[in-house]
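*Asks:* Before we start, here is the structure in question, set down as structure tokens.
The values are calculated or read from the model by the stated rules, or taken from the named source; none is laboratory data. The structure presented is a predicted model; accordingly, all values stated were derived computationally and were not measured. Every residue, glycine as well, gets a Cβ built from its backbone with ideal geometry; the counts of neighbours run over all protein chains shown. When the accessible area is computed, the model is the full protein with side chains, heavy atoms only, and any ligands, DNA or RNA have been set aside. Shrake-Rupley method; radii C 1.70, N 1.55, O 1.52, S 1.80 Å.
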Amino acid sequence: EGKTGSPAALFFAQGAGIATTLYADLGSAIQEAAPFPLWFASPQCLSDACAVPGTLKSGMARVQAAMADEYGFDANATAAFYGGHSLGGAMMPDYVVDEGLAAQGAKGMVLMGSFLTRKWRTGTAPSDGRPQVEFPLPTLTIGAELDGLCRVTRIAEALHTQVTMAEDPDMAVKTLPVTVVPGMNHYQFASGDEPPKLVAQRDLKPEITADEAHAAAAND
């Protein structure tokens, strides 16, 4: 309500074992922070696992059809962004590339508690040959300081390879930016008190509330 400007949509892939409904608070925080109308959708994958072959693609088709049928979503009039948390963030880049979404007009991607893997270091700097990260969409990487699974050291590597070592760091800050939310842990990109077993075993204790974590990630 009350937002002006052209609408956008963020399609957000779930982390392993995390129900899509547990991203509702994060989605609401992002919608609140955005100055324009924003759709937020998290497609359900088989067994809550985006890595199951074909399940993310079918989930995306299903959720977009439901948005159109039930809420009047118009894909042709809406800027599309893609993203995901944890395993969902790891799988979404492949989905974006495999489906040719950049050529279809997608605007960007955001990975939370996840990152562009080393397979995307496919370029070399003309000046000295150092490896360059290449991805067809602008991509924001948001890490959590106290993430016990996607450790902040791996997010630091993303900053180093995507920005510091870029041929044009000033441009890389705009196309492959990396941020970290202080005091946040891995599970706080979602909501609820019952994280999956692996997350419960490995995650660190947060120093901020879930609401504060969602607001900070949404602000980034």
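*Asks:* Just name the residue that is farthest from the chain's Cα centre (by Cα) out of those in the stretch 169-179 that are surrounded by 18 or more Cβ atoms within 10 Å (Cβ to Cβ) and not in a loop (DSSP other than H, G, I, E, B).
*Replies:* 172
*Asks:* Return a yes/no flag: does the stretch 189-211 have any residue that is open to solvent by 20 Å² or more (accessible area, probe 1.4 Å) and within 16 Å of the chain's Cα centre (by Cα).
*Replies:* no
*Asks:* I'd like the full set of residues that are on the phi > 0 side of the Ramachandran plot and without any contact (Cβ under 8 Å) to a residue 40 or more places away in the chain, limited to the stretch 66-103.
*Replies:* Result: 72, 100.
*Asks:* Additional query: Test each condition in (1) at pLDDT 95 or above; (2) more than 19 Å from residue 151 (Cα to Cα) for residue 187 and report the one that comes out false.
*Replies:* Every condition holds for residue 187 apart from (2).
*Asks:* Condition (residue is farther than 19 Å from residue 85 by Cβ, touching a residue at least 24 places away in the same chain (Cβ under 8 Å) and open to solvent by 50 Å² or more (accessible area, probe 1.4 Å)) applied to the stretch 146-167: is it met by at least one residue?
*Replies:* For the stretch 146-167, residues farther than 19 Å from residue 85 by Cβ, touching a residue at least 24 places away in the same chain (Cβ under 8 Å) and open to solvent by 50 Å² or more (accessible area, probe 1.4 Å): present.
*Asks:* Hey, another quick one. In the list 33, 51, which residue meets the criterion of being in contact with a helix residue (DSSP H, G or I) (Cβ under 7 Å, 6 or more places away or on another chain), of a type outside the set (Lys, Arg), within 20 Å of residue 116 (Cα to Cα) and in contact (Cβ under 8 Å) with a residue 12 or more places away in the chain?
*Replies:* 51
*Asks:* Then there is this: Which numbered condition trips up residue 91, out of (1) part of a helix (DSSP H, G or I); (2) among the aliphatic types (A, V, I, L, M); (3) more than 30 Å from residue 168 (Cβ to Cβ); (4) open to solvent by 40 Å² or more (accessible area, probe 1.4 Å)?
*Replies:* If we test residue 91 against (1) part of a helix (DSSP H, G or I); (2) among the aliphatic types (A, V, I, L, M); (3) more than 30 Å from residue 168 (Cβ to Cβ); (4) open to solvent by 40 Å² or more (accessible area, probe 1.4 Å), just (3) comes out false.
*Asks:* As an exercise: evaluate residue 21 against (1) more than 25 Å from residue 113 (Cβ to Cβ); (2) surrounded by fewer than 14 Cβ atoms within 10 Å (Cβ to Cβ); (3) without any contact (Cβ under 8 Å) to a residue 40 or more places away in the chain and give the number of the one condition it does not meet.
*Replies:* (1)
*Asks:* May I ask you to list the residues in the stretch 49-62 that are within 17 Å of the chain's Cα centre (by Cα) and over 19 Å from residue 17 (Cβ atoms)?
*Replies:* 57, 60
*Asks:* Farther than 24 Å from residue 193 by Cβ and at pLDDT 95 or above: which single residue out of 29, 9, 19, 24 fits that description?
*Replies:* None of the other options fit; the residue is 9.
*Asks:* Shifting gears a bit: Looking at the stretch 60-88, which of its residues are among the small types (Gly, Ala, Ser) and crowded, with 22+ Cβ neighbours inside 10 Å?
*Replies:* 83, 84, 86, 88
*Asks:* Within the stretch 126-142, is there a residue that is open to solvent by less than 80 Å² (accessible area, probe 1.4 Å), among the small types (Gly, Ala, Ser) and under 21 Å from the mean Cα position of the chain (by Cα)?
*Replies:* no
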